[in-house]
1. For the charge dipole of region 182-249, defined by +1 on Lys and Arg C-beta atoms and -1 on Asp and Glu C-beta atoms about the Cα centroid, which residue among Met200, Pro247, Leu187 has the Cα displaced farthest towards the positive pole?
2. Can you flag which of Lys82/Lys164; Lys44/Lys91; Lys96/Lys238; Lys49/Lys82; Lys158/Lys209; Lys96/Lys158 are past 24 Å Cα-Cα?
Amino acid sequence: MARPDSNEPEHEHTTDADSEDEFHDARFPAEEEAKLLEESNTCKVEANKQFAAAAYSDAISTYDRALASCPNYLDYEIAVLKSNISACYLKLEDWKSAVDSATACIDNLDRCLPKSTKTEKDDNAAKEPSEGEDAVVELLDDEEDEAKQLERLQLDDKRRDDIKRIRAKALIRRARAKTELDGWANLQGAEEDYKELASMDNLPPQDLKIVQRNLRELPSRIQAAREKEMGEMMGKLKDLGNGILKPFGLSTDNFKFIKDESTGGYSVPMKAPGYHGFQVLPKKLSGYS
């Protein structure tokens, strides 16, 4: 992504994060920005054609060229390109890269439309006139200025709708890729994305059906993946335990893992020598559920 040159010297104590923020806040002159954006859009149009022709790897390369030309502070334009790249990776069944690109898209969109904070709400409340006070409203005398403000507000509303639309696409692509990656954590992440999508009011009917179907199917898949991974983990723990116990003439066969259904932890009874049955050791292996 194109970064404006900084005339300020770097100081030794400047962190990488500070440098990124400094680059992100810097701006190109309007004329240069327009030129870079035009170059980026030209590459984007070419990449869209490559995607339509099923040349997905070529499209990714061309979208990357579009990103290289795009000023790094134009978060919305970058988000659109990242979302398109995610779509390419889905077609190539490169699920991990699809997740990464969709996540990058969402991160950029979050910078475009930051969520309102409690502090902002409190500040707005403090600015409101109290009951009984006369509120002074400044009216614009210049009709042209008023028209420009109205146009700007309309553009802001359109951009807000565009952001919601692109965010929904990125969430659907990320959720799809995570379900394909499978595994406990990925399936849980997909479920979270589908839940967020279900709360949106701008989903097309076909996308809403996909979301609802996955929300019905995912809980059982998550449970199965959880049990499988827990079984694999317990198997690895058993192998580790056998290695530790072997010098003492013991093995994990001398122990028994008993799950406490109320806490999700495990107690470890040990068969005491000389009699049948088990003696429960005081230690508990908690955290395995």
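Each reported figure results from applying straightforward, stated rules to the coordinates on display, with no laboratory input. Being a predicted model, the structure only gives us computed values, none of them experimental. Note that we place each Cβ from the backbone using ideal geometry, even for glycine, and neighbour counts take in every protein chain shown.
1. Result: Pro247, furthest along the dipole toward the positive end.
2. Correct reply: Lys96/Lys238; Lys158/Lys209; Lys96/Lys158.
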